[in-house]
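Trainee: Take this structure first; my questions come after.
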Amino acid sequence: MTVMVMDGQGGGMGAAIIKGLRENYGNELEIYALGTNSIATSKMMKSGANKGATGENAIIRTSMNVDIIIGPISIIMANSMMGEVTAGMAEAVSSSAARKILIPLTQENVNIVGTTGEPLPHMVQKAVKLIEED
């Protein structure tokens, strides 16, 4: 199974997700770290991803060829992450046939009704466990 973890800015959430995936699934998953910038990609690679790439074209191309995409909910919002997520990136992720596991943290002016407001580590654990359902 191939999992694409997408993050931007400092890459902290993506790194936490990859660390959680490795702790739970070892090397049984092929994990791709896709960053909106090189700092995010680098941090995710250091957390144990198999491959990494940066930028719009890499995200667009990779999102078409993975089984699961995991990241903050802002990866499906054009111009989010202070403009790092382009419309092309958001469209590619949203349109991908891959299963999407989105963590409801956002710095955008968006409120998501029905979320519990749990701390990030708890939400990452839940996201990692969702892979078992495939």
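Computed from the coordinates by the stated procedures, all read-outs in this text should not be read as laboratory data. Quantities reported herein were computed from a predicted structural model and do not represent experimental measurements. Glycine also receives a Cβ, built like all others from the backbone with ideal geometry; neighbour counts cover every protein chain displayed.
Trainee: Starting from the Cα-Cα distance between THR2 and ASN65, subtract it from 0.36 nm times their residue separation and give me the gain in nm to one decimal.
Mentor: 21.8 nm
Trainee: Candidates [x] 15.8, 48; [y] 13.2, 37; [z] 13.8, 40; which is the computed Rg and Dmax of the Cα atoms in Å?
Mentor: So the structure-derived entry is [y].
Trainee: In addition: When the Karplus curve 6.51 cos²θ - 1.76 cosθ + 1.60 is applied with θ = phi - 60°, which whole-Hz ³J(HN,Hα) does each residue of region 59-67 get, with x for Gly and Pro?
Mentor: Each residue of region 59-67 in turn: 5, 4, 5, 5, 4, 7, 10, 10, 8 Hz.
Trainee: Now a separate question. Quick check: convex hull over the Cα atoms of region 90-130, volume per residue in Å³, rounded to an integer?
Mentor: 100
Trainee: Okay, moving on. Treat each spin label as a single point 7 Å out from the Cα along the C-beta direction, and report the LYS126 to GLU56 distance in nm.
Mentor: Inter-label distance under the simple model: 3.4 nm.
Trainee: Using the Karplus curve 6.51 cos²θ - 1.76 cosθ + 1.60 with θ = phi - 60°, work out ³J(HN,Hα) for each residue of region 5-13 in order, rounded to whole Hz, and write x for Gly and Pro.
Mentor: Result, rounded to whole Hz: 9, 10, 7, x, 6, x, x, x, 5.
Trainee: Tell me which residues come under 5 Å, amide H to amide H, from GLY52 once H is placed; ignore anything under 5 positions away on its chain.
Mentor: For GLY52, whose amide H was placed from the backbone, the distant partners under 5 Å are ALA33.
Trainee: Okay, moving on. Which of the three applies to region 35-98, rounded, prolate or oblate, going by the alpha-carbon gyration tensor with a ≥ b ≥ c and a/c under 1.5 meaning rounded?
Mentor: Verdict is oblate for region 35-98.
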